[in-house]
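Visitor: One structure coming up, written as structure tokens, with questions to follow.
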């Protein structure tokens, strides 16, 4: 009976280690899934920052267009001042004939009217561009602030995700090491169970002397005092050593009969 009690303890320890190994595998898969989700969120944040940067491009083109319009307006003002100075000078110059003078004045008036109309049109266009530039400048400032905020959030999220990734990798490596040690312990328990089964078979064949040796046999202390963080998990006795309840009871009865006969 002592032998079977030790077998029960070994089997319970074995089932405990197998359960612990399965749970560690599930935890490692969960950490891997969290790392993948964190990477996808970081990629989405980077893509949003890139789209905001593309929206700022039209503002720069409007600014260049406004500068060109202002340059054209300045040229037109210079031309008007030159023509006005020529008109003032022409009043004091005596022309060969009155008709030629009148014709020249009409031409100058026509040119001045055309230049003034062009100046008004350019001024209206400039004002329109200036208003649009102000609107875009406001939008640009708003988007710049938002972009800076998103960049800060992205940096913090990237740092946090990097820390979570490192922690998950360390957790995964630790779980791998624990599972590896538990697998080695499982193999050792299987080997010891096989040795005990061989000893039991030899006892049945050899008689009383071997039974006395079995009684003197002690289970190694590292198995009897199996130390595990999950040692309190219940394992049904029906699963011990892979035997059904009937087979386990019949084995106990056979060993008891052999001991009585001896």
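The values are calculated or read from the model by the stated rules, or taken from the named source; none is laboratory data. All of these numbers come straight from a predicted model, not from anything done at the bench. Here Cβ is always computed from backbone atoms with ideal geometry, including for glycine, and neighbour counts include all displayed protein chains.
Visitor: Based on this model, can you work out whether residue 88 counts as more than 18 Å from residue 68 (Cα to Cα), out of contact with any helix residue (DSSP H, G or I) (no Cβ under 9 Å at 6 or more places or on another chain) and modelled with pLDDT under 80?
Guide: yes
Visitor: Take residue 146 and decide whether it is touching a residue at least 24 places away in the same chain (Cβ under 8 Å) and under 52 Å from the mean Cα position of the chain (by Cα).
Guide: So residue 146 fits the description; yes.
Visitor: Shifting gears a bit: Output the number of the condition that residue 215 fails; it satisfies all remaining conditions of (1) more than 20 Å from residue 46 (Cβ to Cβ); (2) touching a helix residue (DSSP H, G or I) at 6+ places or on another chain (Cβ under 9 Å); (3) at pLDDT 90 or above.
Guide: Condition (3) is where residue 215 drops out.
Visitor: Just to check your reading of the model, which residue among 150, 161, 154, 175 is surrounded by 15 or more Cβ atoms within 10 Å (Cβ to Cβ), over 25 Å from residue 54 (Cβ atoms) and either touching a helix residue (DSSP H, G or I) at 6+ places or on another chain (Cβ under 7 Å) or modelled with pLDDT under 90 (or both)?
Guide: 175
Visitor: Another question about this same structure. Given the structure, is residue 119 modelled with pLDDT of 90 or more, in contact with a helix residue (DSSP H, G or I) (Cβ under 8 Å, 6 or more places away or on another chain) and in a helix (DSSP H, G or I)?
Guide: So residue 119 does not fit the description; no.
Visitor: Next up: So which of 159, 110, 138, 129 is part of a helix (DSSP H, G or I) and within 30 Å of residue 86 (Cβ to Cβ)?
Guide: 110
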